[in-house]
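Trainee: Structure in structure tokens, see below.
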Amino acid sequence: MAEEQVSRIKKINATGAMKALMTEYFQELDRAGQDPGAKVAWCTSVGPAELLRSFGFYVYFPENHGAMLGSSRLAGDLIPAANAAGYSPDICSYLTSDIGSYLSRRTPLTPAFGMAGVPRPDLLVFNTNQCRDVKDWFGFYEREFGVPMVGIDTMRSIETVTANHLEGLIAQHRALIPTLEAVSGRKFDLDRLKAVVASSYRCTRLWKKVLRLAERRPSPITFFDGTIHMGPAVVLRGDPRAETYYETLIAELEARIAAGEGAVAGETYRFYWDGMPVWGKLREHAELFAGHGVCVTASTYCNSWIFEALGDADPFAGMARAYTELFIVRGEKYKLDYLERMVRDYGIDGVVYHDAKTCPNNSNNRYGLPERLAAKLGLPYVVINGDLNDLRLYSEEQARTQFEALVEQLREAGQPS
Ligand code: SF4
């Protein structure tokens, strides 16, 4: 209670509406998982969710469950069960938390939404645009449930997305259709797909607007808020309820801007967060930064759910491009230019790179990028060692020292905000 009173963080009122929407989503999934007439597809977070929704699938995202396992801190109890089944402690801790959760029959979905467990899948659909781990992760469930697994293999480290890349990816999206028809029992409907993609595109535009409001000084929203409020953009894109939610959130943030109120009282410095959140430490990190007058205004992570290409008139071309243009898919030159734009757009004073031990794919400090960005922009940065879910790989003391060193460096330089 005492912590609440001294917090410099302004709470977002729309959080209640978001929680109600997420509850609706999970309870629908729960019912669908138990209804033989309804079909559930598990999809990787940047997989072809729109295509699945166009066939009437209820879409469940194991990575979202992974994030819940991290933020509830159940991950630490569950990862060893996956390790014992042969999944290394060095691979994705979403994967090991989630498989550990399945093997241990423990999930935060039970206390949060009254679900007995995750919804049973009829189909597993991946896209390797983010990493190979997702395919191996879904492969576990393919063996476990004996249901079909299909997906899209995307090349990585792309500097420029070319027509050749897209041609192959469009063909891979189309090749999913016969399996989706067979499992759903429905024929492919192009108009239905166009309607779902159009809704997803409107959702992405609204989510982009939410994030771009953080360019204002003071910023009405922090990265830590963004990691929570991105929920509907991740799991309900293509569903008009996500659009309605973001209209509500935007209205609240615009009212803050009009009133001159920031998400962090007395915003002095503005930081950029690169890499995954440390899910089990979100609250602590938010308070730590705010306590120093720092608003973490922007991040690679939250911006990864902006899919501008979904506006393409051809939904297959739109999906293929949208799910390949992602930051995580791109080469180092693209990433440097992207970070430079973000630093300028958001008026960033310093960058925090999170080197997540079990996710090299989202850790952008390992090939000299921070050094190149710092040399180009003269911008201070720190790298913290940690992990998305496995808190054994994270040192509170070390991270605090690093964060505070960055603030101190700015103070000593007399850096104006
Ligand atoms: S990108 Fe990283 S966190 Fe996400 S599934 Fe792959 S390894 Fe795990």
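Trainee: Between the helical axis of 163-175 and the dominant principal axis of the chain, each derived from Cα atoms, what acute angle in degrees is found, rounded to the nearest 10?
Mentor: For 163-175 against the chain, the angle is about 50 degrees.
Trainee: Could you go through the stretch 336-342 in sequence order and give the Karplus-derived ³J(HN,Hα) for each residue, using 6.51 cos²θ - 1.76 cosθ + 1.60 with θ = phi - 60°, rounded to whole Hz, and x for Gly and Pro?
Mentor: 4, 4, 4, 5, 4, 4, 5
Trainee: Further question on the same structure: Taking a ≥ b ≥ c as the square roots of the eigenvalues of the Cα gyration tensor of the stretch 52-178, is the shape rounded (a/c under 1.5), prolate (a/b larger than b/c) or oblate?
Mentor: In terms of gyration-tensor shape, prolate.
Trainee: For the chain, build the charge dipole from Cβ charges (+1 Lys, Arg; -1 Asp, Glu) around the Cα centre, then report which of A251, A317, Y353 sits farthest towards its positive end.
Mentor: Final value for the positive-end residue is A317.
Trainee: Rounded to the nearest 0.05, what FRET efficiency do A313 and T401 have when you use their Cβ-Cβ distance and R0 = 56 Å?
Mentor: Computed FRET efficiency for A313 and T401 comes out at 0.60.
Trainee: If you put +1 on each Lys and Arg Cβ and -1 on each Asp and Glu Cβ, how big is the dipole of the chain around its Cα centre, in Debye rounded to 20?
Mentor: Working: 46 positive and 52 negative charges, 90 e Å.
That gives the chain a dipole magnitude of about 440 debye.
Trainee: So between R192 and Q34, what do we pick up on full extension, going 0.36 nm a residue minus the alpha carbon distance?
Mentor: Details: separation 158, 0.36 × 158 = 56.88 nm, distance 2.54 nm.
Length difference between fully extended and current span is 54.3 nm.
Trainee: Moving on. Within the accessible area of the chain, what % is carbon and sulfur when the probe is 1.4 Å and the other protein chains stay in place?
Mentor: For the chain, the apolar C and S fraction of the accessible surface comes to 51 percent.
Trainee: With the radius of gyration and the Kirkwood radius both derived from the Cα set of the chain, what is their ratio Rg to Rh? Don't jump to the answer; show the numbers that get you there.
Mentor: Values: Rg = 20.8 Å, Rh = 21.9 Å.
Reported Rg/Rh, Kirkwood definition of Rh: 0.95.
Trainee: Going by amide H atoms built from the backbone, whose H comes under 5 Å of the H on N127, apart from near neighbours?
Mentor: T44, I152
Trainee: For the pairs K11/K376; K10/K194; K39/K357; K209/K335; K187/K335, flag any whose C-alpha to C-alpha distance is greater than 30 Å.
Mentor: The answer is K11/K376; K10/K194; K39/K357; K187/K335.
Trainee: Pull out the extension gain between T160 and T179, defined as 0.36 nm times the separation in residues minus the alpha carbon to alpha carbon distance; nm, one decimal.
Mentor: Going from the current span to full extension adds 3.7 nm.
Trainee: Additional query: At 0.36 nm per residue, and after removing the present C-alpha to C-alpha distance, how many nm does the segment from K333 to E284 gain when stretched out fully?
Mentor: 14.3 nm
Trainee: Using the per-residue mean of other Cβ atoms lying within 10 Å as a proxy for protection, in what order, highest first, do the peptides 17-30, 117-130 fall?
Mentor: Working: 17-30: 17.1, 117-130: 22.6.
Put in order of decreasing packing, that is 117-130, 17-30.
Trainee: Calculated FRET efficiency, R217 and A84, Cβ-Cβ r, R0 51 Å, to nearest 0.05?
Mentor: Plugging the Cβ-Cβ distance into 1/(1 + (r/R0)^6) gives 0.50.
Trainee: Still on this structure: Between R143 and A265, what's the calculated FRET efficiency when r is the beta-carbon distance and R0 is 51 Å? Round to 0.05.
Mentor: Working: r = 52 Å, r/R0 = 1.01.
E(calc), rounded to 0.05, equals 0.50.
Trainee: Follow-up question, since we're still on this one. Probe of 1.4 angstrom, ligands and nucleic acids ignored: what's the accessible area per residue over the chain, in square angstrom? Mind showing how you got there, number by number?
Mentor: On the way: 16330 Å² over 417 residues.
Value returned for the chain: 39 Å² of accessible area per residue.
Trainee: Which of I99, G76, M22 sits farthest toward the positive end of the charge dipole of the stretch 1-101, with +1 on the Cβ of Lys and Arg and -1 on the Cβ of Asp and Glu?
Mentor: M22
Trainee: Please report the antiparallel percentage of DSSP beta bridges with both residues in the chain, rounded to the nearest 5.
Mentor: Restricted to the chain, the bridges split so that about 5 percent are antiparallel.
Trainee: On to the next question. Only helical DSSP H runs with n ≥ 4 go in: add -39500 (n - 2.57) per run for the chain, normalise by residue count and round the 222 nm mean residue ellipticity to 500 deg cm²/dmol.
Mentor: Using -39500 (n - 2.57) per qualifying helix, the result is -16000 deg cm²/dmol.
The values are calculated or read from the model by the stated rules, or taken from the named source; none is laboratory data. What you are looking at is a predicted structure, and each value in this text was computed from that prediction instead of being measured. Note: ideal-geometry Cβ built from the backbone for every residue, glycine included; neighbour counts use all protein chains shown. Note: accessible area is taken over every heavy atom of the protein model, side chains too, but ligands, DNA and RNA are not part of it. Shrake-Rupley method; radii C 1.70, N 1.55, O 1.52, S 1.80 Å.
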